[in-house]
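A short worksheet on the structure shown next.
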Amino acid sequence: MKYPAMCCVSLFFIASACYADSLRCGSDLLETGDTKVEVTAKCGKPVATDTFCKLDPVRVNPTNQVNAYQGGNNNIQQNIIVQPCRNVDVWTYNQGAGSFLKILYFSEGKLWIVENGDRT
């Protein structure tokens, strides 16, 4: 009797871990890779939005030199590292009193990360 109950509890936690980066809006389930259009169609407009530029790691070429821009005159040279970044959109959803805020991160127009925020 004890083992079937433990199996059910274990399966519940395994299933929960599989959908850690998902969000349910009504009967629809969002998952990483969904587009902004799909998210808006399933969940409506977010309560807050933001955008920031996430710096990509500095790439080192095979000769172990960082890609740099050299400028200046013959006597003084300035080496400036140009570090690319990508735009990340952040959408926040409030699913009602007592639930956690859901924070969605989009990169290149697709859902990238789903996090829990503060409890409302």
**Item:** Pairs, first β-branched (Val, Ile, Thr) in segment 84-100, second part of a loop (DSSP other than H, G, I, E, B), C-beta under 8 Å, six or more apart
**Value:** Thr92/Pro46; Thr92/Val47
**Message:** Which condition from (1) in a loop (DSSP other than H, G, I, E, B); (2) at pLDDT 85 or above; (3) not small (Gly, Ala, Ser) is the one that Thr63 breaks?
**Reply:** (2)
**Asked** How many residues does segment 96-120 hold that are loosely packed, with under 12 Cβ neighbours inside 10 Å and assigned to a strand (DSSP E or B)?
**Response** 2
**Prompt:** Exactly one of (1) in a helix (DSSP H, G or I); (2) modelled with pLDDT of 50 or more; (3) surrounded by 10 or more Cβ atoms within 10 Å (Cβ to Cβ) is unmet by Pro4. Its number?
**Reply:** (3)
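The values are calculated or read from the model by the stated rules, or taken from the named source; none is laboratory data. Quick caveat: nothing in here was measured; it's all calculated off a predicted structure. A quick note on method: Cβ atoms are made from the backbone with ideal geometry, for glycine too, and the neighbour counts reach across all protein chains shown.
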